[in-house]
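The values are calculated or read from the model by the stated rules, or taken from the named source; none is laboratory data. If you're wondering where the values come from, they're calculated on a predicted model, not measured in any experiment. Virtual Cβ from ideal backbone geometry, glycine too; neighbours counted across all protein chains shown.
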Amino acid sequence: MAERKKRTVALELTTANQDIYTVPARFTTEVNSIYINNASSSLVTFSLDWYDAASTTFYTLAELVELPANSLLQITDYPLYLAGSDKIRGLASANSAVNITVSLEEFFQTSL
């Protein structure tokens, strides 16, 4: 039986790609929701990628999505299932403007 742990991780995006969350080794993760907030008074854009460690490939989740000033976007249609060493990374068109919060559940794999 897998041990499970609910977590929330958050990060302020910059104009360079950065890792928001990386699945620990021997874990799988279910990403339940992603909140993206523009805390500035100007329109900004953001982009998100999912890195699949098994295939060493980045897949686009969102590309240059516009966020109006002082707005919030919630992504919750379907969970995103990640395996060990998979990651979510992102960037924004302006520093100190976009915050991202990810709600997830980690499952420790007792056998691989």
Selected residue (criterion: surrounded by the fewest Cβ atoms within 10 Å (Cβ to Cβ)) from residues of segment 17-32 that are within 15 Å of the chain's Cα centre (by Cα) and outside any strand (DSSP E or B): 24
How many of the residues in segment 90-112 are part of a loop (DSSP other than H, G, I, E, B) and either surrounded by 20 or more Cβ atoms within 10 Å (Cβ to Cβ) or of a type in the set (S, T, N, Q) (or both)? 7
Could you check segment 33-59 and list, in sequence order, the residues that are of a type outside the set (A, V, I, L, M, F, W, C), part of a strand (DSSP E or B) and surrounded by fewer than 16 Cβ atoms within 10 Å (Cβ to Cβ)? 33, 52, 57, 59
Segment 1-32 - residue that is of a type outside the set (A, V, I, L, M, F, W, C) and in contact with a Pro (Cβ under 9 Å, 6 or more places away or on another chain) and, of those, farthest from residue 108 (Cα to Cα): 32
Identify, please: which residue in segment 60-89 is assigned to a strand (DSSP E or B) and among the hydroxyl-bearing types (Ser, Thr, Tyr) and is, among those, surrounded by the fewest Cβ atoms within 10 Å (Cβ to Cβ)? 60
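Listed here are the residues, each with its yes/no results for (1) closer than 14 Å to residue 22 by Cα; (2) modelled with pLDDT under 95; (3) of a type in the set (Ser, Thr, Tyr).
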| position | (1), (2), (3) |
| --- | --- |
| 41 | no, no, yes |
| 44 | no, no, no |
| 47 | no, no, yes |
| 51 | yes, no, yes |
| 55 | no, no, yes |
| 67 | no, no, no |
| 72 | no, no, no |
| 75 | no, yes, no |
